[in-house]
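These notes concern the structure reproduced below.
The values are calculated or read from the model by the stated rules, or taken from the named source; none is laboratory data. If you're wondering where the values come from, they're calculated on a predicted model, not measured in any experiment. FYI the Cβ positions are ideal-geometry reconstructions off the backbone, even for glycines, and counts take in every protein chain you see.
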């Protein structure tokens, strides 16, 4: 008879687990979590699980994203008609990872609050799967209101994440919750300042160079997309949009004073 250990490597975004996850533990001998926060979440919600629940962190430093190359930035901006002197904020997200969690509308609201008078500033939104959710796309376009300073890169004008980081000056994430936040790590490794909500950030993410945490309010989780349908009483964060705007403005000041 062959002995083996079955391990579940789980990642999750909020403090309440789906009920079927609790039942699924019967299949596993161990549960691995990538952060201390998630390990505590699993331990709290999986009290009947008798196996170990371990923290096995991601090896984020082994193959880091390279710093943005100035020549590549100039070339990619020229390709997209963006002046090298323009200040550009950006957010990359997936609607299949939940539009309401990723919360791109607040990125737009924060950008408009930061720059109410139209100038050369731009906000780039990268979402390769945006066409999967036509209703939510219309919601986002309604918030944008046709303002030409906000540009969407989707499946029709797909852009690599490396080129995206090269285009922008600051990465802005208004996400309501992240199990880890890989884009935050990548953007920081590229040398970009990163602005995000301070809720439930992993320790290694919280200590990234250039990361700015903004205040937030915890609100009841409402998800018309249905990913979190059976989580009664669950909450996630609403980042302070005015604080996001202030951090974006500060990032511009630092960019042009460097």
Out of region 97-106, which residues are assigned to a helix (DSSP H, G or I) and more than 16 Å from residue 152 (Cβ to Cβ)?
97, 100, 101
For region 200-216, indicate whether the set of residues that are modelled with pLDDT of 95 or more, touching a strand residue (DSSP E or B) at 6+ places or on another chain (Cβ under 6 Å), more than 23 Å from residue 85 (Cβ to Cβ) and part of a loop (DSSP other than H, G, I, E, B) is non-empty.
no
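Right, residue 110: in contact with a helix residue (DSSP H, G or I) (Cβ under 7 Å, 6 or more places away or on another chain) and surrounded by 14 or more Cβ atoms within 10 Å (Cβ to Cβ) or not?
Yes.
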Can you pull out every residue in region 158-198 that is under 21 Å from residue 250 (Cα atoms), touching a strand residue (DSSP E or B) at 6+ places or on another chain (Cβ under 8 Å), in a loop (DSSP other than H, G, I, E, B) and modelled with pLDDT of 95 or more?
168, 169, 174, 175, 192, 193
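Being over 22 Å from residue 171 (Cα atoms) and not in a loop (DSSP other than H, G, I, E, B) is the filter here; which residues of region 119-135 pass it?
Matches in region 119-135: 131, 132, 134, 135.
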In region 157-195, the residues that are in contact (Cβ under 8 Å) with a residue 24 or more places away in the chain and over 26 Å from residue 237 (Cβ atoms)
158, 159, 162, 163, 166, 167, 191
Helices (runs of 4 or more DSSP H) completely within region 1-80 that count 1 or more residues being touching a helix residue (DSSP H, G or I) at 6+ places or on another chain (Cβ under 6 Å) and in contact (Cβ under 8 Å) with a residue 12 or more places away in the chain
70-79
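Can you tell me which residue in region 108-118 is nearest to residue 196 (Cα to Cα), limited to those that are in contact (Cβ under 8 Å) with a residue 12 or more places away in the chain and part of a loop (DSSP other than H, G, I, E, B)?
115
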